[in-house]
Amino acid sequence: MPELPEVETVARGLQQAIAGRRIMSVSMGKTDFIDDPAAIEQQLPGRRIERVERYGKFMLLRLSEANGTAKGSDGGTKDIGSATRESASAALLVHLGMTGNLAPSLAALPHEKHTHVTFLLDDGRELRYTDSRRFGRMAYLERAPLGVELERFGADPLEITSEEFAELVRGRRARIKALLLDQSVLRGVGNIYADESLWRAQIHPARLGANLNLREVEVLRRALQAILRNAIALRGSSISDFLDAEGQPGEYQRHHRAYGREGKKCFRCGATIRRAIVAGRSSYFCPACQHAPRGKRRTGKRVKRMSGKSGSKG
DNA sequence: CGTTGAACCTGTTTGC
DNA sequence: TGCAAACAGGTTCAAC
């Protein structure tokens, strides 16, 4: 469910709502989606949530240092000055999967179904993680392992330059849809925004990255960035159940041009939007203005080509 | 290197 | 109304 704009929306909401709060205790239900549940139960109580960030489709709850050095004579004011850099960059990593949600609520309110993790905060509220399918992920990571973990991911789609994007895409023979979805290429793009970007750029999802020309690649990058920015401004897409940290749905689903519109008319040319499986995922596109890759068309026309592109090796 | 299908788990929608 | 199949915003892994 949540892609970059939805995760950004949730992260901003949480930053507003819970940054600075201290975690008093943790309780857990099902934990099969948590890397090391015991680590969370042991490490989180007593720590403050310094801030909430987004990294691709992950949320990072940056944690204060463990204040476990028990010998403090009084429980008084803490020194924030010095060591906030070293071990302070431990974090709780949260991925919402398809159905995850992380939001604060009054402790007095009954738990929603599928509430699997509850953090009691120092102001009496609870930060609750719910996830019916448990496709999400949660992990407590200290500075070094966090760095290793984050290195697995590719570029931020909102930051990537023209040159970087062109190199990533044109150096690969995978389908462009697969490349957009590949988190080690770009971090944060999912099925909705991949399809929306390709529609806007008028590029068929099954085209191979290596076969896109420079103009197409740049049009695609701009389409992707414009769509992501717009979607963030509208607080994401709420298809069935996505809600932000304040329980509000997003608005961007009203702006979808391709995703979920099978059988409806293309807003640009009036042809009928089709759905096909590309890169293993439902893909919505306009067969008229997003031209299918050559050699993959079944128009009956055979295209003769000269052979002989010797490949370079890697 | 790249593709495909299955698996993870639950809920909702669709079709007969 | 009932029941089964298909499908869902994601990720990972084995097999080819």
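The values are calculated or read from the model by the stated rules, or taken from the named source; none is laboratory data. Keep in mind it's a predicted model, so treat the numbers as computed, not measured. Don't worry about glycine lacking a Cβ; one is built from the backbone with ideal geometry, like all the others, and counts go over all protein chains shown.
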Query - Residue pairs meeting the criteria (Cβ under 6 Å; at least 6 apart or on separate chains; first more than 16 Å from DNA strand C (Cβ to nearest atom), in the stretch A:266-283; second of a type outside the set (A, V, I, L, M) and in a loop (DSSP other than H, G, I, E, B)) - result: A:Cys266/A:Cys286; A:Phe267/A:Arg257; A:Arg268/A:Cys289; A:Cys269/A:Cys289; A:Ala271/A:Cys286
**Report entry** Residues that are of a type in the set (A, V, I, L, M, F, W, C), crowded, with 18+ Cβ neighbours inside 10 Å and under 23 Å from the mean Cα position of the chain (by Cα), drawn from the stretch A:266-287
**Finding:** A:Val278, A:Ala279, A:Phe285
Query raised in the report: Of all residues in the stretch A:106-120, which are farther than 25 Å from A:Phe135 by Cβ and in contact (Cβ under 8 Å) with a residue 40 or more places away in the chain?
Result: A:Leu120
Report summary line: Scanning the stretch A:225-268 for residues that are outside any loop (DSSP other than H, G, I, E, B) and either within 16 Å of DNA strand B (Cβ to nearest atom) or in contact with a Lys or Arg (Cβ under 8 Å, 6 or more places away or on another chain) (or both) gives A:Ala226, A:Ile227, A:Tyr252, A:Gln253
Report summary line: Those residues of the stretch A:203-215 which are touching a Lys or Arg at 6+ places or on another chain (Cβ under 8 Å), under 25 Å from A:His255 (Cα atoms), away from DNA strand C (no atom under 16 Å from the Cβ) and not basic (Lys, Arg) amount to A:Ala206
Requested in this report: Of the numbered conditions (1) touching a helix residue (DSSP H, G or I) at 6+ places or on another chain (Cβ under 7 Å); (2) among the small types (Gly, Ala, Ser); (3) not in a helix (DSSP H, G or I), A:Ala276 fails exactly one; give the number of that condition.
Outcome: (1)
Query raised in the report: So is A:Arg215 surrounded by fewer than 17 Cβ atoms within 10 Å (Cβ to Cβ) and under 16 Å from A:Glu8 (Cα atoms) or not?
Result: no
Query raised in the report: If the Cβ limit is 6 Å and pairs must be 6+ apart or interchain, which residue in the stretch A:1-13 that is in contact (Cβ under 8 Å) with a residue 60 or more places away in the chain pairs with which residue that is of a type in the set (Ser, Thr, Tyr) and more than 16 Å from DNA strand B (Cβ to nearest atom)?
Result: A:Glu3/A:Tyr193
Query raised in the report: Could you say whether any residue in the stretch A:72-79 is modelled with pLDDT of 95 or more and more than 16 Å from DNA strand B (Cβ to nearest atom)?
Result: no
